[in-house]
Amino acid sequence: MDLQEFNSAPAGRLRPTLSACCDVPRWVDGIVAKRPYGEVTALTAVADQLLRELDDAEVDRALAAHPRIGDRPSGAGTEAAWSRKEQSGVGEDPDLRSALADGNREYEQRFGRVFLICATGLSAEQMLSSLRRRLDHDDVTEATVVRDELHKIALLRLSKVLEVQA
């Protein structure tokens with residue numbers, strides 16, 4: 001949809017699409033409430049600011065909507081389709097898929113949440129390398145990285161909604 005369609009769409013039509021970008025009701029409602037936007041950059045600025053204001057519980061909620069890296073997202077929804085495309089770099093190598101699965105389990109035991117990375121354009125090797133490197137982070141450092149990755153994913157997905165290349 002273009003910006004004019006975005007501005008004029010009923011809120012009920014936009015909410016599921018925006019939730020696929022970042023499943024946090026306050027973020028979705030904040031974007032919807034500030035319509036109309038004169039430019040895509042204004043919308044992106046609002047989305048960016050709202051992402052920076054997410055509290056820990058909202059980050060956890062958003063993370064719960066993301067599949068594990070290397071898992072094949074199921075379903076026909078927008079978020080599942082985006083996840084499949086974003087994770088296309090995982091490929092079919094069984095050894096890499098196994099290493100990612102093992103790394104995911106270790107990460108979840110270490111940090112108590114799903115490993116999140118903006119996978120668009122990354123190979124399985126790059127994702128696995130980042131996962132292994134991030135296992136050495138302390139909790140505060142990793143929480144900052146998770147927020148940054150969530151931020152990148154949400155804005156990238158928002159650009160897809162608006163047919164804008166990120």
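The values are calculated or read from the model by the stated rules, or taken from the named source; none is laboratory data. Owing to the predicted nature of the structure, the values given are computational and were not obtained by experimental measurement. Please note: Cβ atoms are built from the backbone with ideal geometry, for glycine as well, and neighbour counts cover all protein chains shown. Remember, those area values only see protein heavy atoms, side chains included, never the ligands or the DNA or RNA. Shrake-Rupley method; radii C 1.70, N 1.55, O 1.52, S 1.80 Å.
What residues of the stretch 132-166 lie in the reach of a label at residue 120, counting those whose backbone N is under 18 Å from a point 7 Å from the Cα along Cα→Cβ?
Under cut-off, by backbone N: 146-166.
Which of the peptides 150-163, 10-23 is most tightly packed, and how do the rest follow, judged by the mean count of other Cβ atoms within 10 Å per residue?
Going from most to least packed, we get 150-163, 10-23.
Got a sec? Which residues in the stretch 97-141 would a label at residue 48 touch, if it sits 7 Å along Cα→Cβ and we count backbone N under 19 Å?
So the set is 118.
Please give the per residue accessible area of the stretch 4-55, computed with a probe of 1.4 Å over protein heavy atoms only, in Å². Don't skip to the end; give the middle numbers.
Values: 2590 Å² over 52 residues.
So the stretch 4-55 comes to 50 Å² accessible per residue, rounded to a whole number.
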